[in-house]
Amino acid sequence: MKKALLLFCLVFFLFTKIYAQTINLEEARMHALANSHTLARYNLAIRSSILNERNRLYTMLPTLSATYSASVSYLNEDRNFENPQDTFSAGAVFSITQIIFEGGKNFIQKAISAIETEIDRKGALAEYFNVLDAVDSAYYAALEAAANLKAEETALETAVLSLSIAEVRQEFGLINMGDYLRALADKEARENSRNQARRNLALCMTRLRLLTGLSETIELEEIDFLGYEDLIQHFAGISDEDANLLFNDFFKILIDENPSIARAVLSTQRTERNLSLTKRDFSPTIRATIFSTAFNYSRANGYSDTASGGVVISGNIPIDFWVMANRIERSRIAHDSAILDYIITRNSLETDLQSALLNAFSQAESVLSSRRSLDYTERHFEFVMERYRLGQSSISDLGEASLLLITSQNNLNKAIYGFLQSLSRLRTLGALSDEEQLITILMGA
């Protein structure tokens, strides 16, 4: 039965591996972009803005219209009843109306529509990088959880080995009951930590699957950290002067490329156009209409051969100045508010950039220090483990060495993936889709 159960587990494991979908970070990004409902909504908003922009253009063209009428009478001039069919008449008139002058409001409205379309485009671009940042964070979190789970499983194996040795020694009376109970407690603690690491990995994978829209049977490719080694070394030893230069250079890129700051600028331009449009309400509007009778028919006279047509010039001049003055003041307040929003957005992005760079510097230093710490703790653990096998170290010494080892491993994992997440944040702030370009900028090349 044990052999059959082992064979079944092996076959099930291989079956799962065969049908599990393995993806890398780039594929996860593409799936997340395709699965983003917010990004899809922005695309719909862009299409709607383009249609609004076209509609503004159409309002500048001549307006064509056709009017028709039909009538019957059942009373004549003497107030006597008559047959309605004998009094039937119908007619139609075609007309073309063109706005001759309205103070340029149509052109301003068209410019406003174009700005709104560009605002939606920048919003879609911002959401594009937000999706990339979110899927990167989820991907790195899943890899970090997997690495932590591996460390916990290794620690559990050590605890099981320690317990097996303690059981043999306790059987021969070489250790007291307190040490044996400590070995049992360590094993249970490590098993509990392993279970928590499993739950954390499952949660991270669930978040990643929700972002990408993929099935449950996915596996993640590891990240090749060798490509970031030069940048880690550079950031770990960067001077304050070089850090300030990097901040200034990157902030210039942020001002030129970041979609949030671009939307703030466009919003300011839109309020300027709205203010100008409101001021044009004082301008008169002049229209010209050309009309012509298409046909005129009556039951009594038949079709009329006499055509009629003409030109009508009409217009209106607003005189409710108090209403328009109120509109202008509201537009001016909206413009001032947009300027403040731009300043707030600029200051917020400057703070975000400073925080992201400092975090990247700190994580790079943590990577190097965590490597050294892990090397020391691994050697220390091997030393204590060998002494424990020889009966020269206690279970408490081995437990402390094991705990120190797993802490060092988790610290290194946290530093590595924290550094990668800081790079993702910098890419989002600079709106840089090419990671090689980002690394080139950060290296100061």
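For this structure, a couple of remarks:
- What the Cβ-Cβ distance of SER89 and ASN316 gives, at R0 = 35 Å and to the nearest 0.05, is a FRET efficiency of 0.60.
- The value obtained for the range 97-197, namely the Cα convex hull volume divided by the number of residues, is 109 Å³ per residue.
- Annotation: aspartates and glutamates with alpha-carbon distance below 14 angstrom to LYS187 (same-chain offsets under eight excluded): GLU152, GLU153, GLU157, GLU167, ASP179, GLU400.
- Gained length - GLU241 relative to ALA40, 0.36 nm times residue gap less alpha-carbon distance: 68.0 nm
- Near-label residues of the range 249-281 by backbone N, under 11 Å of a point 7 Å along Cα→Cβ of MET324: 278-281
- Entry note: the chain has Rg to Rh equal to 1.28, where both radii use alpha-carbon atoms and Rh is the Kirkwood radius.
- Kyte-Doolittle mean at least -1.0, axial Cα span of 18 Å or more - DSSP H helices of the chain: 2-19, 37-58, 105-171, 177-212, 240-257, 259-279, 321-389, 395-430
- Each principal axis of the Cα cloud of the range 369-445 was evaluated for its coordinate range; sorted largest first, these ranges are 59, 20, 14 Å.
- For the pair PHE282 and ARG54, the difference between a 0.36 nm per residue extended length and the Cα-Cα distance amounts to 79.5 nm.
- Residues ILE333 and ASP230, FRET efficiency given R0 of 45 Å [Cβ-Cβ distance, rounded to 0.05]: 0.30
- Packing-based order for 348-360, 212-224, 107-119, 61-73, using average beta carbon neighbours within 10 Å, highest first: 107-119, 348-360, 212-224, 61-73
- Its residues counted as N, the range 320-391 yields a C-alpha radius of gyration over 2.2 N^0.38 Å of 2.72.
- Mean Cα-pair separation over length for the chain, i.e. relative contact order, pairs under 8 Å, 6 or more apart, %: 24 percent
- Reciprocal of mean inverse Cα separation for the range 139-247 (Kirkwood radius, Å): 17.7 Å
- More than 16 angstrom apart: percent of Cα pairs within the range 92-149: 70 percent
- Extension gain, GLN437 to SER71: 0.36 nm times the residue separation minus the Cα-Cα distance gives 124.2 nm.
- Pairs with C-alpha atoms separated by more than 22 Å, drawn from the list LYS110/LYS279; LYS122/LYS252; LYS252/LYS414, are LYS252/LYS414.
- Using a Förster distance of 41 Å, the FRET efficiency for ASP249-GLU221 (Cβ separation, nearest 0.05): 0.80
- Dimensionless Rg/Rh of the range 350-411 - Kirkwood Rh, Rg from C-alpha atoms: 1.28
- Computed magnitude of the charge dipole of the chain (debye, nearest 20; Cβ of K, R +1, Cβ of D, E -1): 1200 debye
No lab work stands behind these numbers, since they all come straight from the coordinates. Worth saying up front: this structure is predicted, and the values here are computed from it rather than measured. Every residue, glycine among them, receives a Cβ derived from its backbone with ideal geometry; neighbour counts consider all protein chains shown.
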